[in-house]
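Step one of this worksheet: look at the structure below.
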Amino acid sequence: DVSGLVAALGDDSGLARQRAREALVDIGQPAESALRTALTSPHEQVRWEAAKALSEIAAPESASGLVTALEDSEFSVRWIAAEGLVAIGHRSIEPLLEALVTRGDRQWLREGAHHVLKALSKRGSHETLAPVLAALEGMEPELVVPPAAKAALKSMRAWG
């Protein structure tokens, strides 16, 4: 039962949380929706476990939830969400760029996006990401990242 397993992500026992997470990962995509909802839990441990499970499932449908988790108040949740986006691969780029267009003024989002885009650009030739990475690394990123992300999105969509 997915809802019972998601509830167990908040258990006091680390072993119980781990077993629940592993069972959710084994279920895979059918557990995704419930795990994305768990990313908004008021409990850090539940958010971390949900992000970790989504990272291990690595389905493209999880990308938008993991992008949102890049703005979590807890560093550990943000880190595991970024790692999940890297695991998803190139299919996570578009939702990440969309977030940068609308929320590129948010530091935690930019930090997570930098980690993800840097890792993905090392995996293959993503020339379109170079200007976004330069904007993330440059002066006044809160001002230059949104237009750079918008241009990269437009370029990606033009290529199909």
| The one condition in (1) in contact with a His (Cβ under 9 Å, 6 or more places away or on another chain); (2) open to solvent by less than 30 Å² (accessible area, probe 1.4 Å) that A31 fails to fulfil | (1)
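One line per residue, one yes/no per condition, for (1) over 25 Å from F75 (Cβ atoms); (2) in contact (Cβ under 8 Å) with a residue 40 or more places away in the chain:
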{"position": "L100", "(1), (2)": "no, yes"}
{"position": "R103", "(1), (2)": "no, no"}
{"position": "A113", "(1), (2)": "no, yes"}
{"position": "L117", "(1), (2)": "no, no"}
{"position": "T128", "(1), (2)": "yes, no"}
{"position": "M139", "(1), (2)": "no, no"}
{"position": "A149", "(1), (2)": "no, yes"}
| request: Kindly list the number of the only condition in (1) more than 30 Å from S41 (Cα to Cα); (2) touching a residue at least 12 places away in the same chain (Cβ under 8 Å) that fails for V144. | output: (2)
| If we scan the range 63-75, do we find a residue that is of a type in the set (D, E, K, R) and at pLDDT below 95? | no
| task | Those residues that are open to solvent by 40 Å² or more (accessible area, probe 1.4 Å) and more than 17 Å from I88 (Cβ to Cβ), I need them from the range 109-127; list them, please. | result | E111, S125, E127
| said: Of the residues W79, W48, only one is in a helix (DSSP H, G or I) and either open to solvent by 70 Å² or more (accessible area, probe 1.4 Å) or touching a His at 6+ places or on another chain (Cβ under 9 Å) (or both); which? | reply: W79
| task | Name every residue in the range 134-158 that is within 12 Å of E111 (Cα to Cα) and open to solvent by 30 Å² or more (accessible area, probe 1.4 Å), in order of residue number. | result | E137, E142
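The values are calculated or read from the model by the stated rules, or taken from the named source; none is laboratory data. Keep in mind that what you see is a predicted model, and the values were worked out from it rather than measured. Note that each Cβ is placed from the backbone with ideal geometry, even for glycine, and that neighbours are counted across all protein chains shown. These area figures cover heavy atoms from the full protein model, side chains too; ligands, DNA and RNA do not enter into them. Shrake-Rupley method; radii C 1.70, N 1.55, O 1.52, S 1.80 Å.
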